[in-house]
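Q: Attaching a single structure in structure tokens format; questions to follow.
The values are calculated or read from the model by the stated rules, or taken from the named source; none is laboratory data. Keep in mind that what you see is a predicted model, and the values were worked out from it rather than measured. Using ideal geometry, Cβ is built from the backbone for each residue, glycine included, and neighbour counts are taken over all protein chains shown.
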Amino acid sequence: MKTEGFENISVERCKFYNFPVYYPLGKYHDAVELVKKKYKSNNIKSLYLFGGFSSPGISDIDFLIVLDNPKKGVQRVFINKENRYLILHPSYIVNEHIAKNLRVIYPPIEPILLQGKDLEISALDKKLLDYYLIYVTLDVTIRHFPRDFLEQLFIKKIDVRKSLLRMHALTHSLVVYHKLVSKRIKVFDRYIKDVNDLRKNWFKIDEGNRKEKLIEMLKQSVTLTYLFIDKLNSYIQSKKILEIKKGSKAVYHGFQNQTFFIQGWNQNSALKKCIDYYEENGKLYSFLPVAFALLPISYARKGGLIGEHIRRGLETDIVDYTIKGKSVVENRINLLNEQMEITKVSKHSHFPAFFEYGLKSRYGFINIFIRFLRRIKIIIVNL
């Protein structure tokens, strides 16, 4: 599959910003120790490291904070410029119940306890494991792929560090797919190696070649994403996991998740539809297989803060369908709604839930101000 529509995109035609700054691994450990000291509080039951930092200078640090009493929230911590670069964004905030059920949201996750109570994270029912892998992959796809790569190529403004982070995130989804189908896909393995090599050697490559390689890898990411979606869709169809009985279309308009779910999807036309729609309307909508819509439709039917938000942004004529592993879907939306409720009472900023379908926190003055700044940033980036 060619990356049609991007042949003329070159280094000369793009603006690059947010270049990675090298920090040795020791600086990451220092930042972790700093956060541990600042987050010693009676209301914090546990502090976990959520993921690692495999590429110093590119990787960021994610923390998971488990609260004793969500109504008390957590004190805002102020850190210097260097540590803001390493940590990048505020922490995930959950209660003990959500922490113990993290694998319902992220099946392969293994958080590392930094301090506090070591919570026993529940094991998943092995009979349902495939469904957990499928539905986390669908949530990630609807939120990030191919959107993360297309949005930069469309406007020709390349956030360098974000690109390297999102490529790495795509490799995780490819690894999950390998687990799902119990076999290796050569082109996926090659992409994983290329991304890891680029991140590992980034600071050894001269600036001009960095830009050339990054543009090349962004184009490859678009191509590979559509192949990945095609294979995932074929697998779902072959196992009859998501089947529509009545209805044929769905559109979701939620912030950062805008998607047309279409019948007769194929990887060769999906990109063209996306490009054409952007050129005509100036908006980035993903075009994904219609069966993928059954996950947000199921969330919307369940209700709650996130379910209701999805329902308001969803247009669909799909009224009858079957979905295997229904209990998995219900467990996921219940936990996401519960996390959103914590955000509501604690007025925590950023990451209101692991998958919020564009529902950003509007609770508290700081979140209102952040929302205002986010809108201004979107306007500036698209100028």
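Q: Which one is modelled with the lowest pLDDT among residues in segment 36-49 that are over 13 Å from Leu113 (Cα atoms) and in a helix (DSSP H, G or I)? First the steps, then the outcome.
A: Of all residues in segment 36-49, those over 13 Å from Leu113 (Cα atoms) come to 37-43.
Subsequent filtering for residues that are in a helix (DSSP H, G or I) retains 37-38.
On the way: Lys37: 89, Lys38: 84.
Among them, the one singled out is Lys38.
Q: On the basis of being closer than 19 Å to Tyr132 by Cα and β-branched (Val, Ile, Thr), does Thr322 make the cut? Break it down stepwise before answering.
A: Details: closer than 19 Å to Tyr132 by Cα: yes; β-branched (Val, Ile, Thr): yes.
Yes.
Q: Need pairs with beta-carbon distance below 6 Å; first residue under 14 Å from Leu170 (Cα atoms) and within segment 180-193, second surrounded by 11 or more Cβ atoms within 10 Å (Cβ to Cβ) and among the hydroxyl-bearing types (Ser, Thr, Tyr); sequence gap 6+ or separate chains.
A: Ile192/Thr171
Q: Sticking with this structure for a sec: Go through segment 312-322 and give me each residue that's touching a strand residue (DSSP E or B) at 6+ places or on another chain (Cβ under 9 Å) and part of a helix (DSSP H, G or I).
A: Quick first cut of segment 312-322, residues touching a strand residue (DSSP E or B) at 6+ places or on another chain (Cβ under 9 Å) only: 313-322.
Of everything in segment 312-322, just one residue is touching a strand residue (DSSP E or B) at 6+ places or on another chain (Cβ under 9 Å) and part of a helix (DSSP H, G or I), namely Gly313.
Q: Name the residues in segment 73-86 that are touching a helix residue (DSSP H, G or I) at 6+ places or on another chain (Cβ under 8 Å) and at pLDDT 80 or above, would you?
A: Ile79, Glu82, Asn83, Leu86
Q: Does segment 77-85 contain any residue that is surrounded by fewer than 16 Cβ atoms within 10 Å (Cβ to Cβ), among the aromatic types (Phe, Trp, Tyr) and over 23 Å from Leu336 (Cβ atoms)?
A: Yes, the conditions are met somewhere in segment 77-85.
Q: What are the pairs, 6+ residues apart or on separate chains, where a residue within segment 56-67 that is charged (D, E, K, R) has its Cβ under 8 Å from a residue that is in a strand (DSSP E or B)?
A: Hits for this filter: Asp62/Leu49; Asp62/Tyr92.
Q: Among residues belonging to segment 345-366 that are farther than 20 Å from Ile87 by Cβ and of a type in the set (Ser, Thr, Tyr), point out the one that is modelled with the lowest pLDDT.
A: Only one residue fits best here, namely Tyr363.
Q: Out of the residues in segment 323-340 that are charged (D, E, K, R) and either in contact (Cβ under 8 Å) with a residue 60 or more places away in the chain or not in a helix (DSSP H, G or I) (or both), state the one that is surrounded by the most Cβ atoms within 10 Å (Cβ to Cβ). Working first, answer last.
A: At the first step, the residues of segment 323-340 found to be charged (D, E, K, R) are 324, 326, 330, 332, 338.
Now restrict to residues that are either in contact (Cβ under 8 Å) with a residue 60 or more places away in the chain or not in a helix (DSSP H, G or I) (or both): 324, 332, 338.
Values: Lys324: 16, Arg332: 24, Glu338: 19.
Only one residue fits best here, namely Arg332.
Q: Considering only segment 52-66, how many residues are farther than 19 Å from Leu198 by Cβ and either over 18 Å from the mean Cα position of the chain (by Cα) or surrounded by 20 or more Cβ atoms within 10 Å (Cβ to Cβ) (or both)?
A: The initial filter retains those residues of segment 52-66 that are farther than 19 Å from Leu198 by Cβ, namely 61-66.
Then drop every residue that is not either over 18 Å from the mean Cα position of the chain (by Cα) or surrounded by 20 or more Cβ atoms within 10 Å (Cβ to Cβ) (or both), which leaves 61, 63-66.
Of the residues in segment 52-66, 5 are farther than 19 Å from Leu198 by Cβ and either over 18 Å from the mean Cα position of the chain (by Cα) or surrounded by 20 or more Cβ atoms within 10 Å (Cβ to Cβ) (or both).
Q: Name the single residue that is nearest to Asn196 (Cα to Cα) among those in segment 1-34 being without any contact (Cβ under 8 Å) to a residue 60 or more places away in the chain and surrounded by 18 or more Cβ atoms within 10 Å (Cβ to Cβ).
A: Quick first cut of segment 1-34, residues without any contact (Cβ under 8 Å) to a residue 60 or more places away in the chain only: 7-8, 12, 24-31, 33-34.
Within this subset, residues satisfying the condition of being surrounded by 18 or more Cβ atoms within 10 Å (Cβ to Cβ) are 28, 31.
Details: Tyr28: 19, Ala31: 24 Å.
Only one residue tops the list, namely Tyr28.
Q: Taking the condition of being closer than 13 Å to Ile65 by Cβ and of a type in the set (Lys, Arg), how many residues in segment 15-44 meet it?
A: The qualifying residues number 3.
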